[in-house]
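Everything below concerns the one structure shown next.
Every number here is computed from the coordinates shown, using simple stated rules; none is lab data. The structure displayed is predicted, hence computed values, not measured ones. Using ideal geometry, Cβ is built from the backbone for each residue, glycine included, and neighbour counts are taken over all protein chains shown.
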Amino acid sequence: MSASSLKRTQLLKIATSLVKTHGFTREALARSVLYLPNQKHVESKQDNEDCQPLSDTAVSSLFGFGDAARTTLIYAWLDEGINHMSNSSQPARNIFLGREPAFTWLSLQFDPLPALKHAHRIADEAAYLSMDTSRELAWYARRISLAGIYSAAELHQLTSPSTAHSFLDSLLTGSSSLEQKLDDVMLYSDYVYKSWKGILKSRGML
Amino acid sequence: MSLLCSGAIRQSATRKWASRTFIRCTSSYSDRDQKTTSFGFKTIPAHEKESMVKNVFDSVASNYDLMNDAMSLGVHRLWKDEFVSSLKPGRRGPMRCIDVAGGTGDIALRLLDFAREKYADRETSVEVVDINAQMLKEGHRRFKQTMYHNTPQVSFHEANAQELPVEKFIDNSYDLYTIAFGIRNCTSIPDVLKEAYRVLKPGATFACLEFNKVTNPLLGPIYDQYSFSVIPLLGTLLTGDRASYQYLVESIRKFPSQPEFAQMIRDAGFVTGKDIDGAAWNNLWGGVACIHTGVKV
């Protein structure tokens, strides 16, 4: 990675830490340069020049014009969340629900694909961290159910942030018992089918 | 060193350029240490490029805008408008801008007008720098027709973009550096970029509008045909100077591609967006023109 790319990545990382105070705004990206451990900024301070945030032109040049810059920041924030999920000792669900404003922004775009992709990434990462050993159709079913639970919890958090964790817990519990119930139903249906097959065979209809 | 002259020696037919000659030569060098550069499709000693480019622009200065309109069918105005509006001068307060190779003042005027009309900014200033006195004279004449004449908002300086005088163009002093349709005429693009980096403040932006490689496979052949057939012919008909316009067309083809130029900008120390259209550069009309930007961080 070149020095230029490293600097850009560094600025983006600093900007994600400013999301709490400035939100997903170009302002957060502009102010990221103020926290850069950069020799030049130290020198300019010594020259009695005030350290200035990046201009709008500079933000557009580095991160994209208009909403593209905000989207870049959101994706950087979400990527950081997923890395944090992998490396942190905190329960994954705490990290899950910390990403709510980003999910909201992605959902409100005219294109729902970014939000769906993000939900799938979270589900895949969560399944991997929990050492899921499902195979074939169960693999997909597990991830689809996790993605659905995550999306529901994020949307629930919009209206009732205080109950979001308990809502997520109930969904996760419900999903595992639902899985158990579905397996039982499948088994019972299999028995019923075999029974009827046997009955029809004994009557000479099959 | 042996020098072979294969072309004809041309004499300009108009009253302005009757005494000027343009010699087209192909040359081969047995002295391998001599630094060479391109002049259109020709390779020439690097030290000769500056004077040859000067001759070209001395020749075209008085009809520069007419020729731009004829060559690009007026589209160059749209590109320049797009260039300036993407920079948003004045949005966050007065800016100190430097417009290099901006002799006729096209970009400078647009910067000042944009800041005034959009943000009621009458403090933004532009220093127009050009190596060619004739082009600066044209720019000065144009500005006399505007409200910026005799104000501190615009000034004109004759200087070499590769070696801006340090006493006049101090380190870390500008908020915006622009160069439009000029960098390809410089002998050493890295030197221009190095100077741009020097004079810009930390956090300031470098912006370059230049002709570039057409990426659209349908547009490419049409553009080539138009460039090499129509434009030199227009040069002959409108100004009587085919050779200068032939050079202008050839110099476009020799300019680095979009990713190559973005890398050169990074090599000078600037930080750019990703190496894709819409990030480190922004193609206009399929790459016929292109806006490259970089930030000094």
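Things to note:
- For residue A:137 and residue B:119, the FRET efficiency from 1/(1 + (r/R0)^6), where r spans their Cβ atoms and R0 equals 51 Å, is about 0.30.
- For residue B:284, nonlocal amide neighbours, meaning residues 5 or more places apart or on other chains whose placed amide H falls under 5 Å from its own, are B:289, B:290, B:291.
- Sites residue B:65 and residue A:9, calculated FRET efficiency, Cβ-Cβ separation with R0 45 Å, nearest 0.05: 0.55
- Global size of segment A:159-206 as Cα Rg and Dmax, reported in angstrom: 20.1, 63
- The 3J(HN,Hα) values that the Karplus relation (6.51, -1.76, 1.60; θ = phi - 60°) gives for segment B:256-261 are, in residue order, x, 6, 4, x, 5, 5 Hz. Gly and Pro appear as x.
- The H on the amide N of residue B:99, modeled in the peptide plane, is under 5 Å from the matching H of B:127, B:128, B:129, B:178, each at least 5 residues off or on a different chain.
- Remark: the residue A:162-residue A:130 segment gains 9.0 nm on full extension, using 0.36 nm per residue and subtracting the alpha carbon distance.
- Each residue of segment B:217-225 is assigned a 3J(HN,Hα), and the resulting list reads x, 7, 6, x, x, 5, 5, 4, 4 Hz, derived from the Karplus form 6.51 cos²θ - 1.76 cosθ + 1.60 (θ = phi - 60°), x at Gly and Pro.
- Ranked by the mean number of other Cβ atoms within 10 Å of their residues, highest first, the peptides A:125-131, B:129-135 fall in the order B:129-135, A:125-131.
- Under 23 Å of direct C-alpha separation, and excluding same-chain neighbours fewer than eight residues apart, residue B:137 reaches these lysines: B:16, B:49, B:54, B:80, B:168.
- Estimated [θ] at 222 nm from DSSP helical runs (n ≥ 4, -39500 (n - 2.57)) normalised by residues in chain B, nearest 500: -11000 deg cm²/dmol
- Residue B:203 long-range amide H proximity, modeled H, under 5 Å: B:296, B:297
- Take each residue in A:60-67, count the other chain C-beta atoms within 10 Å of its C-beta, and the mean is 6.
- Each residue of segment A:148-154 was assigned a 3J(HN,Hα) from its phi angle through the Karplus expression (A = 6.51, B = -1.76, C = 1.60, θ = phi - 60°), giving x, 5, 4, 4, 4, 5, 5 Hz with x at Gly and Pro.
- With a Förster radius of 35 Å applied to the C-beta separation of residue B:237 and residue B:86, the computed FRET efficiency comes to 0.55.
- Considering only the Cα atoms of chain B, their convex hull presents on average a projected area of 16.2 nm².
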